[in-house]
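Accompanying notes for the structure given below.
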Amino acid sequence: MFLKIGDKNDTLPYIQTIKNQFDVYVTKDKQVIVFADKNVSQIALKIPSQQIVIYYQCK
C-alpha cells in the first residue's frame with residue numbers, strides 16, 4: 001500500500017488479513033498501523049504511541 005501524507009510518503013508492507021475483511025499494513029518504524037476494509041473504501045489508522053485510531057472514508 002502506498003501512503004502519502006503531506007510531502008511524506010511510504011510504501012507499507014502487507015502484514016495479514018483479519019476476519020477475511022481487513023488488510024493490515026504497518027509503517028517501517030511500526031508507529032502507524034493501517035487497516036483497509038476490503039469491502040468498502042474505508043481505512044483506519046492506528047497510532048499506538050498516541051493511543052488513537054482515526055477512521056477515513058476514501059473517495
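Taken together, the values in this text are just the output of simple stated rules run on the coordinates, not laboratory data. Values in this document were obtained by computation on a predicted structure and should not be read as measured data. Glycine also receives a Cβ, built like all others from the backbone with ideal geometry; neighbour counts cover every protein chain displayed.
Each Cα pair of the chain feeds into the Kirkwood radius, which the Stokes-Einstein equation turns, at 37 °C and 0.692 mPa s, into a diffusion coefficient of 277 µm²/s.
Here's the picture: a label point sits 7 Å out from the Cα of Gln50 along the beta-carbon direction, and within segment 1-37 the residues with their amide nitrogen under 19 Å of it are 3-12, 25-36. Note on Cys58 and Gln42: the model spin-label points, each 7 Å out from Cα along the C-beta direction, lie 1.4 nm apart.
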